[in-house]
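A short reminder: the numbers here are calculations on the coordinates, not readings from a lab. All values reported here derive from a predicted model rather than from experimental measurement.
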Amino acid sequence: MKKSELPQKICPVCKRPFLWRKKWKKDWEKVRYFSERCRRQRSSHIGDNG
């Protein structure tokens, strides 16, 4: 499959697009964040609702 044909998602934290990776083959539906850093930032903001 060509790189341009790979599925793509947008990270809800940093708004950057990211492409499907082989390591996410089984979990692509569950992948939401561009990076581990984005995932940590998102989870740290959830508890800040006061």
Original post:
What's the percent breakdown of Cα-Cα distances in region 3-46 across 5 Å bins, shortest bin first?
Top reply: 5, 22, 29, 25, 12, 5, 2
**OP:** Would you mind checking which residues have amide H under 5 Å from VAL13's amide H? H placed 1.01 Å from N; only 5 or more apart, or other chain.
**Re:** PHE34
